[in-house]
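The values are calculated or read from the model by the stated rules, or taken from the named source; none is laboratory data. Given the structure is predicted, the values throughout are model-derived calculations rather than measurements. All Cβ positions, even for glycine, are placed from backbone atoms using ideal geometry, and neighbour counts span all protein chains on display.
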């Protein structure tokens with residue numbers, strides 16, 4: 001779990017880690033909680049009884065004194081023009097989305113039902129929960145201080161609920177593993193074994209992974225190479241695999257398997273990094289964009305690269321809350337499908353490949369009742385982008401009449417062919433990331449700027465689903 005421990009909730013209040021080792025939250029946002037996710041930031045404020053609207057978030061009613069955007073399912077669906085597909089019966093029926101999460105959530109069935117009722121969504125035709133590599137331990141303590149219990153529970157709610165938003169009639173299989181993925185190898189053997197089980201038993205068509213580990217934390221590339229069996233297996237069995245590209249821009253978490261308490265370290269490496277498995281050539285990496293929508297769902301301006309400053313929620317605090325992960329892999333050389341963008345990625349595998357909504361200033365409503373005292377909240381991060389795109393893949397699989405499998409060669413060929421393919425370039429923003437190190441110095445890792453074509457902040461950009469889904473299915 002690249003646990004985005006930039007921010008950690010302490011008993012005494014909210015303390016910003018990696019932005020300022022001792023900076024307390026301003027009184028205006030004292031009710032704000034930041035829960036670390038595998039690759040996401042979660043905003044929670046007093047768990048309102050109902051899901052928040054954009055108007056409420058922008059008025060400061062959700063986080064006192066803070067004006068930020070938040071969105072509900074109908075707005076995100078409208079932003080991607082999904083209604084045009086739904087009216088044609090393209091809703092994921094007959095397809096199965098596989099969500100993989102460490103620990104999962106003991107209340108996910110009732111949480112999804114609550115979420116669906118609030119937004120008028122149908123229950124998925126089938127919702128299975130499996131633990132193929134062993135029982136999940138009870139949700140008790142957080143031994144590493146990285147929010148294992150609450151963080152993975154929230155991750156599970158986000159993944160299940162928002163893949164369902166995009167493909168409401170697709171089946172869902174939630175795969176829970178018994179160990180937390182933090183950084184480096186830790187947790188991945190169980191995850192890979194669980195994914196191989198899914199693939200070998202033909203349980204799904206697309207696998208969504210909202211977790212990642214900074215390549216640098218693997219000590220050496222062979223540590224990651226030995227964990228690729230599920231992705232090789234998926235490619236052989238025509239199963240699509242997705243992965244979140246991370247939330248630290250062009251760098252990654254400094255935490256390591258031997259030093260899991262990120263509070264003792266600066267948040268990130270001071271040089272460029274990418275995150276695996278999004279950097280794997282057999283995985284489609286999902287970056288993050290920021291949607292700009294009105295309360296009614298109208299698009300106010302085109303999507304931009306996700307890059308939220310800490311000052312948005314903590315006025316005067318330097319640093320970055322989160323930004324679309326992206327850059328050049330040090331593990332993998334440029335795959336053949338990226339030869340057409342060699343001028344951008346050089347000799348390395350570049351990530352991400354495509355992007356979806358991920359901004360915290362533009363986060364989405366979710367519901368989680370475990371642990372006790374939970375409820376409605378707002379979430380952002382590329383943890384959101386991966387399950388959303390899993391829904392898009394399910395729609396495309398339905399149109400094609402079969403699983404599309406390894407998506408990258410198809411995606412790049414479609415983008416390079418041009419025409420009305422539903423790929424929407426991103427033209428503004430960048431994924432430069434800043435943090436304050438343990439000596440109080442602001443460290444900036446310069447990232448990549450969007451330029452209206454392929455780039456290392458958002459890949460090919462984002463999508464207009466009404467055009468993209470049939471184009472991808474027919475490519």
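Residues of the stretch 436-458 include at least one that is within 18 Å of residue 80 (Cα to Cα) and either in contact (Cβ under 8 Å) with a residue 40 or more places away in the chain or assigned to a helix (DSSP H, G or I) (or both).
If only residues of the stretch 336-350 that are touching a residue at least 40 places away in the same chain (Cβ under 8 Å) and either in contact with a strand residue (DSSP E or B) (Cβ under 7 Å, 6 or more places away or on another chain) or surrounded by 11 or more Cβ atoms within 10 Å (Cβ to Cβ) (or both) are counted, the one that is farthest from residue 275 (Cα to Cα) is 340. Of everything in the stretch 62-78 that is part of a loop (DSSP other than H, G, I, E, B) and in contact with a strand residue (DSSP E or B) (Cβ under 9 Å, 6 or more places away or on another chain), the residue that is modelled with the highest pLDDT is 72. The set of residues in the stretch 271-298 being outside any strand (DSSP E or B), in contact with a strand residue (DSSP E or B) (Cβ under 9 Å, 6 or more places away or on another chain) and at pLDDT 90 or above consists of 271, 272, 273, 274, 277, 278, 279, 280, 281, 282, 283, 294.
For the stretch 151-192, filtered to residues that are modelled with pLDDT of 90 or more and part of a loop (DSSP other than H, G, I, E, B), the residue that is surrounded by the most Cβ atoms within 10 Å (Cβ to Cβ) is 167.
The residues of the stretch 193-231 that are in contact with a helix residue (DSSP H, G or I) (Cβ under 6 Å, 6 or more places away or on another chain), assigned to a helix (DSSP H, G or I) and at pLDDT below 95, listed by number, are 218, 224. Cβ-Cβ contacts under 8 Å between residues 6 or more apart (or on different chains), taken from a first residue in the stretch 59-88 that is on the phi > 0 side of the Ramachandran plot and free of Cβ contacts under 8 Å to residues at least 12 places away in the same chain to a second residue that is part of a loop (DSSP other than H, G, I, E, B) and surrounded by 15 or more Cβ atoms within 10 Å (Cβ to Cβ), are listed as 60/66. Can you spot a residue in the stretch 90-107 that is out of contact with any strand residue (DSSP E or B) (no Cβ under 8 Å at 6 or more places or on another chain), over 21 Å from residue 468 (Cβ atoms) and assigned to a loop (DSSP other than H, G, I, E, B)? Yes - at least one qualifying residue is present in the stretch 90-107. Just to be sure before I move on: is residue 387 modelled with pLDDT of 95 or more and surrounded by fewer than 21 Cβ atoms within 10 Å (Cβ to Cβ) in the structure I sent? Against the criterion (modelled with pLDDT of 95 or more and surrounded by fewer than 21 Cβ atoms within 10 Å (Cβ to Cβ)), residue 387 does not qualify.
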